[in-house]
1. At 222 nm, what value in deg cm²/dmol follows for chain B if DSSP H runs of at least 4 each add -39500 (n - 2.57) and the sum is divided by all its residues, to the nearest 500?
2. Assign one of three labels to the range B:230-318, namely rounded, prolate or oblate, based on the Cα gyration tensor with a ≥ b ≥ c the square roots of its eigenvalues; rounded applies when a/c is under 1.5, prolate when it is not and a/b is larger than b/c, and oblate otherwise.
3. Roughly how tilted is helix B:230-241, in degrees to the nearest 10 and between 0 and 90, from the longest Cα axis of chain B?
4. Using the alpha-carbon centroid of each, what span in Å lies between the range A:85-148 and the range B:95-127?
5. Subtracting the Cα-Cα distance from 0.36 nm times the residue separation, let me have the gained length for residue B:102 to residue B:212 in nm, one decimal.
6. Within a 10 angstrom radius of each residue's Cβ in A:129-136, how many Cβ atoms of other chains show up on average? Whole number is fine.
7. Please state the shape class of the range A:66-151: rounded when a/c is under 1.5, otherwise prolate if a/b exceeds b/c and oblate if not, all from the C-alpha gyration tensor.
8. Working from Cα positions, state the angle (0 to 90°, nearest 10) between the long axis of helix B:13-46 and the longest principal axis of chain B.
């Protein structure tokens, strides 16, 4: 009897671990309409570390331990040309780097979601109505993984890209807290 | 008319070479197989019979069988001749495949994607280059040079009626040369497992005479017409302001992304979703609403938007002949 319980428990554990690879192919929360929506950029200014963000409404819960979502996010990061401003692997360029631990508008999943949906001052466009919400969540998962915020059991042990380690991989140590450099005397 | 997918009914010189090699191999192997079976049955019939009381036959221990050596030597020589014949035929076929005359060739670049094909028709004049998807028209009797590329994983280009397989490898360019000698519609298929929808990654090859091919190519080069009726206009506006234009391209409009199939002349194509579905308005509407129901895993997201928006989009796409 107790053996059966142990076996059942082991199977349950194994099944629970399958979430990592689960592919949620169809969602109900895709765009409610294709008609152009008003794009608005909030009053936010950078540097507030997410302070002053309003609650966002989304029908979907964010699953930080899903590896498939993260790799889809990586693909979309290239497709939608996020890399054009934020650099391949999030090294930064015209837009801020995404692989460090500085988050101008907050590092929580819903804060990153809001940043992509609403756009931010000084260049970040709003992608509301342009990218379905599900894909924005996938991008959120990938963007957070680049600064080591992904669950270690979900971060990839290798990536599709050639040429060394990518910041989203779990071999890398997580980003060091940013300290303001001492001004030179 | 469903397209042919049959390597034993070659419609081009390359496939004909491969088919004759195939027939040669089959016939030779069949002859060998029948000969071996005949030898086996002969041996079974002519072996001395023993019953429960007879002693084991130890004769071969004392004196080697006189005929064994002759039989073995004959067998080895015949096998060697047969294998050399196969080798020779194979080398000759390879040589014939590699020496197809290439004057006046049509150049097409085929790019494999999960799970569809992009066909880019090259031309020395850049303004005459055009793209389509999952459909390839080729002129009968003219050689076609296909450069093969891949965007994500390894795929394989296979039109059994025209040629053998050739892989599309990310970061590399492979080429395959073929020629259709018989007009017809042939089916091509991805022949290298490439993920969830590998089985539904097909395309259509239409081989037609040169005049018809030029006519088709000229039509494909034209940019998309401006929509005229109100519904199609609404569809156009929705396409340009929403998610569609983030991935798709329609020549002559602001939709210029190259991540998903070119839709400039989608209404003229025979199939949707890489040979998966017939191209008719109802299927197209169902596809836009939720591609995951029709082809799970396809990279296009679902659009649960109001019916009138889907109708308008379909009305617009149907004008893209």
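Read the figures in this text as sums done on the coordinates, not as results from a lab. Quantities reported herein were computed from a predicted structural model and do not represent experimental measurements. For neighbour counting, all protein chains shown are included, and Cβ atoms are generated from backbone atoms with ideal geometry for every residue, glycine included.
1. Details: 8 runs with 120 residues, N = 321.
Value at 222 nm, helices only, nearest 500: -12000 deg cm²/dmol.
2. Details: a/c = 1.32, a/b = 1.18, b/c = 1.12.
Since a/c stays below 1.5, the shape of the range B:230-318 is classed as rounded.
3. 70
4. Comparing the Cα centres of the range A:85-148 and the range B:95-127, I get a distance of 39 Å.
5. Working: separation 110, 0.36 × 110 = 39.60 nm, distance 2.08 nm.
This chain segment gains 37.5 nm when fully extended.
6. Details: counts 3, 6, 3, 8, 1, 2, 4, 0.
Taking the mean over all residues of the peptide, I get 3.
7. On the way: a/c = 1.25, a/b = 1.07, b/c = 1.17.
Verdict is rounded for the range A:66-151.
8. Roughly 30 degrees between the two axes.
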